[in-house]
Structure formats: C-alpha cells, structure tokens
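Derivation of every value follows stated rules applied to the coordinates shown; laboratory data play no part. Not measured: the values here are computed from a predicted model. Using ideal geometry, Cβ is built from the backbone for each residue, glycine included, and neighbour counts are taken over all protein chains shown.
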Amino acid sequence: MDKICIIPARGGSKRIPRKNIKEFCGKPIITYSIKVAIDSKLFDEVMVSTDDKEISDIAIEFGANVPFLRSNKNSDDYSGLEDVVLEVLNFYQSQGIEFKSFCCLLPTAPFITINRIRECLYKLETGFSSVFPVLRYSYPIQRSLKNKEGKVEMAYPQFINSRSQDLEPRFHDSGQFYWMKVNDFYQKKELFSDNTGYIELSEMEVQDIDTPEDWEIAEFKFNYHAKKKNNNLF
C-alpha cells in the first residue's frame, strides 16, 4: 500500500479535559481531521491511534479505522509522536502491510485543508524526506528579550540596532501534520531530518489550542473561514 494517515488521539488531556473529542463548532474536534483525510482521497488507510474506547467509537463512526488500542507505554504524557507512529507502522507490518509514506495528522487542527495536505505531498515527492507546514514568527525573534535576575535585556544584543525588515525570518512548527517517507523515518525514528521541506501558513490558518481561551479563538477563526467559504471550510 502507498500512503497511510495516522491521527494520534489519546484519551488523557490535563489542560483541556477530553480535548480530542470536545465539541468544536458543533462536532467533536477530531472529526475535522478524519473528514479532511478521507475527503482528500490521498490515503489507502485513515486510522486513529488511541487508547480510549470513546475516541475509538467516534473515530469509527466518522469513517476512520481503529485496528488496535494504543499500548500503555505510548499513552502517557511523555509519549512522543515518533513512538506512536512507530507503533502504528510496526502493527501494520505485523499484518503484512507496508506503506511508502505516512501523514501524521493531529486531531486538534480543524483548519487543515485538502489543498495544504496535497501541497506538502507534492513537495515530499520532489525529493524531500519529510515536509510539514510552518508559521512565521510575527515579530523578529532576533529582537526578543529575556529575563536576567529580574531585569530585561536583549536575547541577541548584536541586533539591537537592526531594522526589523533586515532580519532573516524565523519559523515555528504549525502543529498540524507531518508528511514523511517511511524508509526515511525508520532510519532515525524522527519526524525531522536533514532533508525536511516546508510550506508556510498564515496566522489565520493556525491556532495552538492549549487553554479555553485558545479554544474560543480557534472557533472564531474557524467561523471566519466558514463564512468566507459559504459555510464550507473544505
């Protein structure tokens, strides 16, 4: 088989309880990731990796597969995405099924669109080992400040007189999804490599959701997009 979409969604969440299936604009938030993966028609398999029976039931109801429940060692606060992906790929290998590439699609990223998933896939197929979407820092990090013994000082004093427009842009992970070739993943068991490409997203396409306030902002952005696209984000 060619491509698999892995949606990691464990049951525990301390900052926002039951975060992965909390209702977001009328539906459990994980269902947006499931829908965009299925509707993209890019994947031979769309599966959810979870340790939680309720999440499993919702995932299956909305069309994803849950062929096994995640192991205990990959279900705590310290489990990394790499561990989850490895467990999934090893499970399918044990069933005689191998994939050429995977997309690890996070369950709390309702702004993901088919076009963005395809855009990263096209880049992956041009020769990168992995590709993922990033967001540009809105203010140059070279002009950032830090605390030193209760006082503020420049983190990078060599840039104190530099104009913002002259500083090289910096980016951070959007926290939405990661495309990677399976063979390259097995070499280092990491989602990033020396040959990782990226696409750049806008501020309105990304929202980190860690607090109730973040959740409200995310719903505002979602409704903004839905209104612009006649209530059809995808």
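Computed values, structure above
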| item | result |
| --- | --- |
| Restricting region 152-183 to residues that are of a type in the set (A, V, I, L, M, F, W, C) and under 23 Å from E200 (Cα atoms), the residue that is nearest to the chain's Cα centre (by Cα) | F177 |
| Residue count for region 153-191, restricted to those that are among the small types (G, A, S) and more than 21 Å from C120 (Cα to Cα) | 3 |
| From E219, E149, residue being closer than 30 Å to P17 by Cβ and more than 17 Å from the chain's Cα centre (by Cα) | E219 |
| Residue within region 114-122 that is within 24 Å of N183 (Cβ to Cβ) and part of a loop (DSSP other than H, G, I, E, B) present | no |
| Residue match in region 199-209 (condition: farther than 30 Å from L86 by Cβ and not acidic (D, E)) | yes |
